[in-house]
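Quick notes on the structure that follows.
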Amino acid sequence: MTAPANPARGEAAIRVAGEMLVLRPSFAALVAAEQELGPLFALVERAASGGLTLGEMVALFWHCLDAPPEGLTRDRLGEAVAAGGLAA
């Protein structure tokens, strides 16, 4: 079992298919996300202006996902995020 999310470290938890998943933006996770998505500052600017795509959000979640449950694929994560809605 993974430790709970620590908001003071920028960590968050999301519920996917009834299970809580922890997003941990470690240095390695952010570097991997940046390699796929481009500069993170540009990603933040797009998010702030309402221009972040669902695919970009899921990619960032996927790279920051700590201890994903067996059988969870990136496509399933994307479907769950879309099904859950985009509101916090």
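The numbers here are math on the coordinates, done by the rules we state, and not lab data. All values derive from a computational prediction rather than experimental measurement. So basically every Cβ, Gly included, is an ideal-geometry build from the backbone, and we count neighbours across all protein chains shown.
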* Structure fact -> Relative contact order in percent for the chain (Cα pairs under 8 Å, 6+ apart) equals 30 percent
* Per-residue HN-Hα couplings for the range 58-71, Karplus 6.51 cos²θ - 1.76 cosθ + 1.60 at θ = phi - 60°, whole Hz, x for Gly and Pro? -> 5, 4, 5, 4, 4, 5, 8, 5, 9, 6, x, x, 4, x
* Structure fact -> Per principal axis, largest first, the Cα atoms of the range 23-84 extend in Å by 33, 27, 16
* Choose one of Gly71, Gly10, Gly85: the residue whose Cα lies farthest towards the positive end of the charge dipole of the chain (beta-carbon charges +1 Lys, Arg; -1 Asp, Glu; about the Cα centre). => Gly10
* Order of Arg74, Arg9 under a 10 Å beta carbon neighbour criterion, fewest first -> Arg9, Arg74
* Can you give the charge dipole size of the chain about its Cα centre, rounded to the nearest 20 debye, using +1 on the beta carbon of Lys and Arg and -1 on the beta carbon of Asp and Glu? -> 160 debye
* Return the long-range amide H neighbours of Leu65 (sequence gap of 5 or more, or a different chain), with a cut-off of under 5 Å between placed amide H atoms. => Arg24
* Asked: Mean residue ellipticity at 222 nm from the helices of the chain, using -39,500 (n - 2.57) per DSSP H segment of n ≥ 4 over the full residue count, to the nearest 500 deg cm²/dmol?
  -> -14000 deg cm²/dmol
